Structures are given as C-alpha cells and as structure tokens.
Amino acid sequence: MNKQQLRETTPGRPTEDQVVDHLLAHPEFFDRHPGVLARLRLPHQRGTAAVSLVERQMLVLRERHASLEHKLHELIENGRANDTIVDRMHRMTRRLLRARDAESVIAAVETSLREDFAASRWVTLLTDVEWTPLAGRPGTNVRVVPRGSPELKPFDTFFESGRPRSGQIRESQREYLFGSDGQVGSAALIPLGERASLGLIAVASNDTERFVPTMSTDFLQRIGELVTEAINARGL
C-alpha cells in the first residue's frame, strides 16, 4: 500500500472522494475560509512553479475557451463548405432542367462539372447499349460499354456496392478512365442508377486532397441521382 492509499484509508481521515463531494456540496466553503483559498498552491501543468487555485482555474477556462473556439471555427467552415456544395448542386439542377434530350443532359453535366465543380477531367461511362448513340459525340466524354464486358473487370467491386467512392482509385481504373498519361491526384466515382445499373461518372482532380476517402459522399450520391433521373426522363 502506497502513501496515497494509506492517506485515503486512514481511519478518521476523509478520502479524496469525500473531500471532493464536500466541496461540491458546499461551494460557500471558501467564502467561510478565505485564508485556505489564499494558501492553496497547485503545481503548474507546464513546469515546476506553483500557481494559485484561481490561476489554475483561469488556465483551465482559457484552454476550454480555445477548444470551443476551435470547434466553432470548424462548424463555421463546414457550414460554408456545405453552402458552396448546395449552390453548385442548385446550378447543376437548373442546367439539367433546361436539357431537352439525353444528349443535352450529358452536355449540361459536363458543363456543370467543368464550371460549377471545377473538375479537371471527367468521363461518363454508360453500361446500357441503348445509349450507344451518345458515345463519341464531339466535345463529350461519354463511353458506352455493355455491363459484363471484360474491360470493366477493374470496376466489379464498385458495381457490386453501387456506392460513391472518393480518394485514390486503382491504377487499372485510372488508366482505363483517364489514360496513362493523365495526371490524377484524386478521383470520385459516382454511380448512375440503382446499384450503378446505368453506369458511372468518374471525376478527377489534380489535387490529391480534393477527393479523400473520409469525405462525405452524400452530395456525390445526389449528383448521381439527378443525372440518372434526367437521362431516363429525356431518353434518346
């Protein structure tokens, strides 16, 4: 038994918990005994010098204030980022509403990715041969490859999950989508249709931090849903 345990179990001597409970239950204790408060000296957390109880309390309050200020700053920054995303989504929605056919839907998507979302590169990969006429149109990045084709093997897990992905994509995926000569710092894969039944949109950025695995993919899911509905509604 060490000295601390001995002090806490000595008959007739209150334990530390009892002292804490008493002080919490009687906050006026130091009002009745101001001399005790003045004599209390506590070891400084950042050195060997002692500080008064009031000084320690001030230090704790400053640290709590700094922590709360940091959390508030994070909330404000997250709010601003969300406002930016909402604004970009709104502009994309307006572009899609103005589209009159599937071809103009693809054009609206590509314009939005370029101008609203500042994407470096993108590819729309459709897996239903019904949309073959959309492939190879001048000025568009659309491919139509039937589901189950061997060249889509690198995307098997993506099609199985049907959920957006962001961050570093596999080398085989990167080369297939953007070529071996293209610089891709990070990328996002957006499913089109239920469980990516219609295909996907791949968006690449030169910035390695633009798309990261820890980012929320809710807005990517919403983009996929918007584009899917627009394509299906307009038809060829």
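Give me the dipole magnitude in Debye, nearest 20, for region 108-236 about the Cα centre, with unit charges on the beta carbon: positive for Lys and Arg, negative for Asp and Glu.
For region 108-236, the charge dipole is close to 100 debye.
Taking K and R as +1 and D and E as -1, what net charge do the other residues with C-beta under 15 Å from the C-beta of Asp116 add up to?
+4
Work out how much length Asp101 to Thr140 would gain on full extension: take 0.36 nm times their residue separation and subtract the Cα-Cα distance, in nm to one decimal.
Result for the pair: 12.6 nm of gain on full extension.
Indicate the gyration tensor shape class of region 96-236 (rounded, prolate or oblate), computed on the Cα atoms with a ≥ b ≥ c the square roots of the eigenvalues: a/c under 1.5 is rounded; otherwise a/b larger than b/c is prolate and the rest oblate.
Here region 96-236 falls in the rounded category.
Could you tell me the accessible area of Leu97 in Å² (1.4 Å probe, neighbours in place), rounded to the nearest ten?
Its accessible surface works out to 130 Å², give or take rounding.
Roughly how much of Arg147 is accessible, in Å² to the nearest 10, using a 1.4 Å probe?
Rounded to the nearest 10, the figure is 110 Å².
Just by accessible area at a 1.4 angstrom probe, what is the order of Ser180, Ser67, Ser112, Ser149 from largest to smallest?
The ranking, largest first, comes out as Ser180, Ser67, Ser149, Ser112.
As a test of reading the structure, rank Asp218, Asp181, Asp87 by solvent-accessible area (1.4 Å probe, protein chains only), most first.
Asp181, Asp218, Asp87
Treat region 169-236 as a sphere of radius equal to its Kirkwood radius over Cα pairs and apply Stokes-Einstein at 37 °C in a medium of 0.692 mPa s; give the translational diffusion coefficient in µm²/s, rounded to a whole number.
Translational D for this selection: 252 µm²/s.
Counting only the heavy atoms of the protein chains, how much of Arg114 is accessible to a 1.4 Å probe, in Å² to the nearest 10?
About 110 Å², rounded to the nearest 10.
The values are calculated or read from the model by the stated rules, or taken from the named source; none is laboratory data. All values reported here derive from a predicted model rather than from experimental measurement. In this analysis, Cβ positions are derived from the backbone assuming ideal geometry, glycine residues included, and neighbour counts consider all displayed protein chains. Heads up: the accessible areas ignore ligands, DNA and RNA and are worked out on the full protein's heavy atoms, side chains in. Shrake-Rupley method; radii C 1.70, N 1.55, O 1.52, S 1.80 Å.
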